[in-house]
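What follows is a single structure, written as structure tokens, with notes after it.
The values are calculated or read from the model by the stated rules, or taken from the named source; none is laboratory data. Computed from a prediction, not measured in an experiment: that's the story for all the values here. Because the Cβ atoms are built from the backbone with ideal geometry, glycine has one as well, and the counts that use them run over all protein chains shown. Side chains are part of the model used for accessible areas, which takes the heavy atoms of the whole protein and leaves out ligands, DNA and RNA. Shrake-Rupley method; radii C 1.70, N 1.55, O 1.52, S 1.80 Å.
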Amino acid sequence: MGIVVQKFGGSSVADADRIRNVAKAVIKEKNAGNKVVVVVSAMGKTTDYLTKLAHEVTAHPDSRELDMLLTTGEQVSIAMLAMALQNEGEKAISMNAAQIGIITENVHTKARIVDVKTDKLLEKLNEGYIVVAAGFQGVTPEGEITTLGRGGSDTSAVAIAAALNADYCDIYTDVDGVYTADPRIINSAARLDKILYSEMLELARVGAKVLHPRSVETAKQFDVKLRVRSSFNLDDLGTMVVGEELMEIYRPVSGVAADLNQVRISVLDVPEAPGTAAALFGKLAAHNVSVDMIIQTHAIKAETNNIDFTVSKSDFDEAMKLVDEFAKEFKAGEVLIDDKISKVSIVGAGMIDRPGIAAKMFQALAQSGINIEMISTSEIKISCVISKDYSEKAVKALHTIFDLDQTEGNAKVYGL
Ligand code: ADP
Ligand code: ASP
Ligand code: MG
């Protein structure tokens, strides 16, 4: 008897009808002869609602209390699904992260999982229960409640699958797989039957929110068989995330994504001296603020540099506090902010050793009249920061120039 981990996102459990539908998908897996752990997110847009609620009482909610509030969303959905399963005559039990033992580091709002205990999960599975596990949340060794960052339920599911050595981890969502671009924006996007872990990881990191980046990282590390499937069409196997041994053809570009969630911070006239960049980025790192793109250029003023970088909107308040401290300490000039940016990226394992891909990207943007503000590259990814107003136009142009377009209207997306 194998073990299967299924994960259903917010739109898949948005109301009682959909929860009953999920119960059917879970029972189908169980009847196929598997032990099933099902991980769920909060119902519909509950997490957005709770976040907004917190901001109604304070502009800067305390991160511990925010975690305490947000984790209630998943607690509702696990109980609802367990009841729906019981209503179908199944043995089912809901468990939150503390009850399972999903242990994280002691960081709020974006904690990493460090361990998943399997004793209680296995005990319940062996007693014949379907275990309904809360996604997105964790607990520190000291008993503090944490969350894994927005979209983190995917990571909960993969971490549980890795710990249990599950046969599969199926991420059921409101699209029927991973596409060459967000099918809600590009309706000529093509569905991929297979995608490499490395490509999926880059795509997730640059804004394709269909999978949480750390879920892909964890799947890659522990060889978890990961699939992205539709919760509205259970017979369709969706997209399989695979290792290099299962992929024969490397397209130069497998996907295009846009990230509208970044803010550019420019620190002007930073006096030139060894250690200034180390001081600034060391300070940000010490406070768990991840920095994405970095550019340092000579300023017009003699012996000073301008340092530009991007951070995600969720880290912005913290980043600004630290940057202001730095600017004072190092007698830098003004600090400018631009939150009207989009980072557009192309990703593909096939771009390794294929010259000209970056030039082609810049050419496509130029032909669309789009100015590039920042550029960064990795082995299998090229990203450009552009004005937010041109984000969709840029994704479309890149999708076309790299021959990713399919017949219009083929994408299967399901609304809330
Ligand atoms: P869930 O609530 O199930 O976790 P998400 O909203 O987090 O679902 O992720 C699914 C969404 O990801 C889709 O509705 C789609 O709009 C978006 N998405 C972005 N890029 C892609 C892509 N390349 N392929 C598929 N979906 C994508
Ligand atoms: N409910 C959380 C969120 O909306 C976690 C998730 O959906 O994966 O971000
Ligand atoms: Mg998600």
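In this structure, residue 197 does not satisfy being near ligand 1 (Cβ under 8 Å from one of its atoms) and open to solvent by less than 30 Å² (accessible area, probe 1.4 Å). Do we find that residue 323 is part of a strand (DSSP E or B), open to solvent by less than 70 Å² (accessible area, probe 1.4 Å) and modelled with pLDDT of 95 or more in this structure? No. Taking segment 376-388 as the range and being open to solvent by 50 Å² or more (accessible area, probe 1.4 Å) and at pLDDT 95 or above as the test, only 388 passes.
Scanning segment 334-361 for residues that are open to solvent by less than 40 Å² (accessible area, probe 1.4 Å), in a helix (DSSP H, G or I) and among the aliphatic types (A, V, I, L, M) yields a count of 5.
Comparison of 134, 84, 159 shows that the only residue that is over 19 Å from residue 224 (Cα atoms) and either in contact with a strand residue (DSSP E or B) (Cβ under 8 Å, 6 or more places away or on another chain) or within 16 Å of ligand 3 (Cβ to nearest atom) (or both) is 134.
For segment 33-56, a residue qualifies if it is touching a Gly at 6+ places or on another chain (Cβ under 9 Å) and not in a helix (DSSP H, G or I), and the qualifying residues are 33, 34, 35, 39, 40, 41, 42, 43, 44, 45.
Sort out which residues of segment 121-148 are farther than 15 Å from residue 101 by Cα and open to solvent by 10 Å² or more (accessible area, probe 1.4 Å), and write them in order of number. Selection gives 126, 127, 128, 129. When residue 232 is tested against (1) modelled with pLDDT under 95; (2) surrounded by fewer than 18 Cβ atoms within 10 Å (Cβ to Cβ); (3) not charged (D, E, K, R), just one condition goes unmet, and that condition is (2).
Yes/no per residue for (1) within 29 Å of residue 195 (Cα to Cα); (2) over 26 Å from the mean Cα position of the chain (by Cα); (3) of a type in the set (Val, Ile, Thr):
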site	(1), (2), (3)
303	no, yes, no
309	no, no, no
317	no, no, no
321	no, no, no
324	no, yes, no
343	yes, no, no
352	yes, no, yes
371	no, yes, no
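Note on segment 74-109: among residues that are touching a Gly at 6+ places or on another chain (Cβ under 8 Å) and open to solvent by 10 Å² or more (accessible area, probe 1.4 Å), the one that is farthest from ligand 1 (Cβ to nearest atom) is 91.
Would you confirm whether or not segment 244-262 contains a residue that is within 16 Å of ligand 2 (Cβ to nearest atom) and of a type in the set (Ser, Thr, Tyr)? Taking every residue of segment 244-262 in turn, none turns out to be within 16 Å of ligand 2 (Cβ to nearest atom) and of a type in the set (Ser, Thr, Tyr).
Being within 23 Å of residue 290 (Cβ to Cβ), of a type in the set (Val, Ile, Thr) and within 14 Å of ligand 1 (Cβ to nearest atom) holds for only one residue in 216, 228, and it is 216.
Residues checked against (1) within 14 Å of ligand 1 (Cβ to nearest atom); (2) modelled with pLDDT of 95 or more; (3) surrounded by fewer than 18 Cβ atoms within 10 Å (Cβ to Cβ):
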{"site": "17", "(1), (2), (3)": "no, yes, yes"}
{"site": "26", "(1), (2), (3)": "no, yes, no"}
{"site": "33", "(1), (2), (3)": "no, yes, yes"}
{"site": "40", "(1), (2), (3)": "yes, yes, no"}
{"site": "50", "(1), (2), (3)": "no, yes, yes"}
{"site": "53", "(1), (2), (3)": "no, yes, yes"}
{"site": "59", "(1), (2), (3)": "no, no, yes"}
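Taking the conditions (1) over 26 Å from residue 178 (Cα atoms); (2) part of a strand (DSSP E or B); (3) of a type outside the set (A, V, I, L, M) in turn, residue 331 satisfies each one other than (2). For first residues located in segment 282-303 and within 13 Å of residue 333 (Cβ to Cβ), partners that are surrounded by 11 or more Cβ atoms within 10 Å (Cβ to Cβ) and not hydroxyl-bearing (Ser, Thr, Tyr) and lie 6+ apart or on another chain with Cβ distances below 7 Å form the pairs 299/268; 299/269; 299/305; 299/306; 301/269; 303/271; 303/272. For segment 235-249, residues that are over 14 Å from residue 201 (Cα atoms), open to solvent by 80 Å² or more (accessible area, probe 1.4 Å) and in contact with a helix residue (DSSP H, G or I) (Cβ under 9 Å, 6 or more places away or on another chain) total 1.
Scanning segment 201-244 for residues that are more than 23 Å from residue 165 (Cβ to Cβ), basic (Lys, Arg) and outside any loop (DSSP other than H, G, I, E, B) returns a single hit, 205.
Conditions tested, residue by residue: (1) touching a residue at least 12 places away in the same chain (Cβ under 8 Å); (2) within 13 Å of ligand 2 (Cβ to nearest atom); (3) more than 24 Å from residue 109 (Cβ to Cβ); (4) within 12 Å of the chain's Cα centre (by Cα).
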site: 143; (1), (2), (3), (4): yes, no, no, no
site: 166; (1), (2), (3), (4): yes, no, yes, no
site: 170; (1), (2), (3), (4): yes, no, yes, no
site: 187; (1), (2), (3), (4): yes, no, yes, no
site: 197; (1), (2), (3), (4): yes, no, yes, no
site: 211; (1), (2), (3), (4): yes, yes, no, yes
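Among the residues of segment 224-231, are any without any contact (Cβ under 8 Å) to a residue 24 or more places away in the chain and on the phi < 0 side of the Ramachandran plot?
no
Testing residue 168 on (1) surrounded by fewer than 22 Cβ atoms within 10 Å (Cβ to Cβ); (2) farther than 21 Å from residue 121 by Cα, one condition comes back false. Which one is that? Unmet for residue 168, out of (1) surrounded by fewer than 22 Cβ atoms within 10 Å (Cβ to Cβ); (2) farther than 21 Å from residue 121 by Cα: (2).
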